[in-house]
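For reference, the structure discussed in these notes is given below.
Just so it is clear, none of the values below were taken in a lab; they were calculated from the coordinates. Predicted model, so just to flag it, every value in this text is computed and none were measured. All Cβ positions, glycine included, derive from the backbone under ideal geometry; neighbour counts span all protein chains shown.
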Amino acid sequence: MSGPDTNKAGGAEPEHTPAAAMPPTTPGKPHKQGSPEKEQPGSQLVREIMSGNAMISVLAVVVALVIGGILIAATDPRVTTAFGYFFGDPSATFKAIWASISEAYGALWRGATYDPNSRTWQGRLGIFETLTFATPLILSGLAVTLAFRVGLFNIGAKGQILLGATFAGVVGFMIELPPGIHLLAVILAGAIGGALWGGIAGFLKAKTGAHEVIVTIMLNYIAVSLVLYLLKNQLKDPNSSNPISPRMHETAMFPLLLGPNYRVHAGLIVAVLAVIGVAWLLNRSTLGFEYRAIGANPRAARTAGMLVSRGYTTVMLISGALAGLAGVTQLAGTEKTLDADIAGSIGFDAITVALLGRSTPWGTFFAALLFGAFKAGGTSMAVNADVSIDIVAVVQSLIVLFIAAPPLVRSMFRIKAVSREGVAA
C-alpha cells in the first residue's frame with residue numbers, strides 16, 4: 001500500500017506501514033522510519049525554539065537584563081562623570097554604575113509590583129497595572145502558541161486583534177442589549193471577528209500551500225486600512241474630528257475588579273479561562289493530540305490518517321478567535337473607544353511572549369505577566385530613575401534575539417543541546 005506522499009522527485013521512498021509491522025528494506029538502501037518531509041524555514045525555526053531547554057528562556061531574560069543594565073549605565077551622566085576619574089578613584093566609578101543600574105531596575109520592579117513610597121494606593125499597587133497590561137498579551141500569546149504547536153507561524157495577531165475589536169465595537173456601541181447579555185454578545189462577536197480573519201490564512205495554507213507568514217503579514221496591512229476606512233466613515237463618532245468610534249455602552253464593558261481606582265478588569269478572568277481551555281485542548285483532547293502530531297511531523301500525521309489541511313484551518317480559526325478576544329479586552333476593558341491603533345504592539349509582543357513561554361499555555365501566561373511588568377514598570381523607571389523607557393523596548397528585543405538563537409545562549413553558558421532523537425512523529 002502506498003500513500004499519496006510515498007513518491008517524491010529524486011526517487012521512491014520505502015512504503016509507510018503501521019508501527020506494528022516493520023517494512024522490508026531495499027538492498028543497498030537502509031530503511032528510514034518516519035523520515036520527515038522537508039520543512040519550510042519558518043517551521044524549522046519554530047521547532048528548534050520549542051525543543052530548547054527551559055533554562056534557555058530564563059537565561060535569555062537574564063542576559064537581556066544584563067545588557068540592558070550596561071546600556072543604562074553607559075547613558076547615565078553620573079557614570080560618565082565618574083569614569084573620567086576612573087584611574088584616580090575606580091571605586092567611585094563602580095559605585096556610580098551600581099547606583100545607576102540598581103535605581104533603574106528598582107524603579108522598574110516597584111512600578112510593576114508594589115511601591116511603598118507612593119503617596120496613593122493606586123500608585124503603590126503597580127501589580128494591578130501589570131495584570132491590566134498582561135491581559136491582552138495572555139490571549140494574543142495563546143493565539144501564537146496554538147499556531148506554533150501545529151508548526152505554523154501566526155504573524156497576523158495584530159490584524160486579528162483589530163478585526164476582533166471592530167466586530168466587538170459594532171455590537172458594543174451600535175446595539176443596545178440588557179446587561180450581561182450585551183457583554184457576552186461583545187465577547188462572542190470579537191471571537192468571531194478574529195476567527196474569520198485568522199481562518200483566511202488557515203484556509204489558504206490548507207488549500208493552496210500559501211506560506212502563513214506572508215499571508216498573515218499582508219492581512220495585517222489590510223486590517224489596518226479596513227478599520228481606518230470604517231472609522232472615517234460608517235463607524236466614526238459624529239462628535240469627534242478624529243477617526244475614532246463612539247464610546248462603548250456601559251453594559252458592553254468589562255466590569256472593573258477593584259473599583260474605579262484601578263484599571264484591572266474582568267477580561268483577566270477571560271484570559272485565565274482561555275489558558276485553562278487551551279491547556280486542556282492541547283493536552284487532554286483528541287483534537288489537541290492531532291495538533292501536536294501535525295506539529296511534530298506533518299507527513300507522519302497524514303500517513304496515520306489525520307487530516308493535516310483541516311488541522312491547519314481549524315487551528316488558525318481558534319488562534320484568530322483568541323487574538324480577537326485580546327481585541328475585546330482592549331476595547332471593552334481598557335480603551336472604551338475603537339481606533340486603528342488599538343492593537344498597538346500587542347500583536348508582535350505576543351510572538352515574543354509565546355517564544356519565551358516555549359509555546360506552552362502556562363509558560364505563555366507567565367511570560368505575558370513578565371512583559372506586562374515591563375510595560376507597567378517602564379513608566380515608573382522613566383519617571384523615578386530618569387531612564388528612557390526605550391531601554392525596556394531594547395530589553396524586550398534582546399529577549400527575542402536570544403530566544404530565537406538557542407545555540408548562542410548555549411554557547412555562552414556551555415549548555416548541551418537537548419537531544420530530540422527518537423521523538424515520536
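Can you pull the one-decimal nm distance between simple spin-label points at W121 and R284, each 7 Å off the Cα toward Cβ?
3.7 nm
Lys and Arg at +1, Asp and Glu at -1: add these up for the other residues within a Cβ distance under 14 Å of M316 and post the number. Don't skip to the end; give the middle numbers.
Numbers: positive: R149, K205, K207, R310; negative: E212.
Around M316, the surrounding residues sum to +3.
Could you please report the charge total around G198, scoring K, R as +1 and D, E as -1 over all other residues with beta-carbon less than 13 angstrom from its beta-carbon? Don't jump to the answer; show the numbers that get you there.
Numbers: positive: K158, K205; negative: E212.
Net of charged neighbours comes to +1.
With only Lys, Arg, Asp and Glu charged, each at its Cβ (+1 for the first two, -1 for the last two), find how big the charge dipole of the range 131-373 is about the Cα centre; round to the nearest 20 debye.
On the way: 15 positive and 9 negative charges, 150 e Å.
Dipole magnitude for the range 131-373 comes out near 720 debye.
Given a Förster distance of 56 angstrom, what is the FRET efficiency for Y229 paired with W362, based on the Cβ-Cβ distance and rounded to 0.05? Each step should come with its number before you reach the end.
Numbers: r = 39 Å, r/R0 = 0.70.
Rounded to the nearest 0.05, the efficiency is 0.90.
Would you mind classifying the range 311-395 by shape? Square roots of the alpha carbon gyration tensor eigenvalues, ordered a ≥ b ≥ c; an a/c under 1.5 is rounded, otherwise it is prolate if a/b is larger than b/c and oblate if not. Walk me through the intermediate numbers first.
Values: a/c = 2.61, a/b = 1.48, b/c = 1.76.
Oblate, since a/c reaches 1.5 and b/c is not below a/b.
How long is the gain from I222 to I175 if the chain were fully straight, where each residue apart is worth 0.36 nm and the alpha carbon distance is subtracted? Walk me through the intermediate numbers first.
Working: separation 47, 0.36 × 47 = 16.92 nm, distance 2.59 nm.
Length difference between fully extended and current span is 14.3 nm.
Can you list residues from other chains, or at least 5 along the same chain, whose modelled amide H is less than 5 Å from the amide H of L338?
S245
Arrange the peptides 242-254, 325-337 so that the one whose residues have, on average, the most other Cβ atoms within 10 Å appears first.
Details: 242-254: 19.2, 325-337: 26.8.
My ranking of the peptides, most packed first, is 325-337, 242-254.
Residue separation times 0.36 nm, minus the C-alpha to C-alpha distance between Y85 and R292: what's the value?
Working: separation 207, 0.36 × 207 = 74.52 nm, distance 5.94 nm.
The Y85-R292 span can extend by a further 68.6 nm.
Quick one: 3J(HN,Hα) in Hz for the range 191-196, Karplus 6.51/-1.76/1.60 with θ = phi - 60°, rounded, Gly and Pro as x.
Per-residue couplings from phi come out as 5, 5, x, x, 5, 4 Hz.
Mind giving me the FRET efficiency for A393 and A304? R0 is 30 Å, r the Cβ-Cβ distance, nearest 0.05 is fine. If you can, show how the numbers build up before the last one.
Values: r = 44 Å, r/R0 = 1.48.
Efficiency, from the Cβ-Cβ distance: 0.10.
How high is the FRET efficiency between A404 and A99 when r is their beta carbon distance and R₀ equals 30 Å, given to the nearest 0.05? Let's see the in-between values first.
On the way: r = 33 Å, r/R0 = 1.11.
The computed FRET efficiency comes out at 0.35.
Which one of A340, G126, S57 has its Cα pushed farthest toward the positive end of the charge dipole of the chain, where Lys and Arg give +1 and Asp and Glu give -1 at the Cβ?
Projecting each Cα onto the dipole axis, the largest value belongs to S57.
Just the Kirkwood number for the chain, please: inverse of mean 1/r across all distinct Cα pairs, in Å, one decimal.
Working: mean 1/r = 0.0425 Å⁻¹.
Result for the chain stands at 23.5 Å.
Nearest 20 debye, what's the magnitude of the dipole of the chain about its Cα centre given +1 on Lys and Arg Cβ and -1 on Asp and Glu Cβ?
Taking the Cα centre of the chain as origin, the dipole is about 820 debye.
Taking 8 Å as the Cα distance limit and 6 or more residues as the minimum spacing, I'd like the relative contact order of the chain as a percentage. If you can, show how the numbers build up before the last one.
Details: 734 pairs, mean separation 119.9, N = 425.
In percent, rounded to a whole number, it is 28.
Whose amide H sits under 5 Å from the amide H of H265, counting only residues 5 or more places off or on another chain, with H placed in the peptide plane?
Placed amide hydrogens put L257 under 5 Å from H265.
If the chain between S411 and E250 were fully stretched, how many nm would it gain, using 0.36 nm times the residue separation less the Cα-Cα distance?
Values: separation 161, 0.36 × 161 = 57.96 nm, distance 5.42 nm.
Separation in residues times 0.36 nm, less the Cα-Cα distance, equals 52.5 nm.
Quick check: Cα centre of the range 327-354 to Cα centre of the range 94-164, how many Å?
The two parts, judged by their Cα centres, are 13 Å apart.
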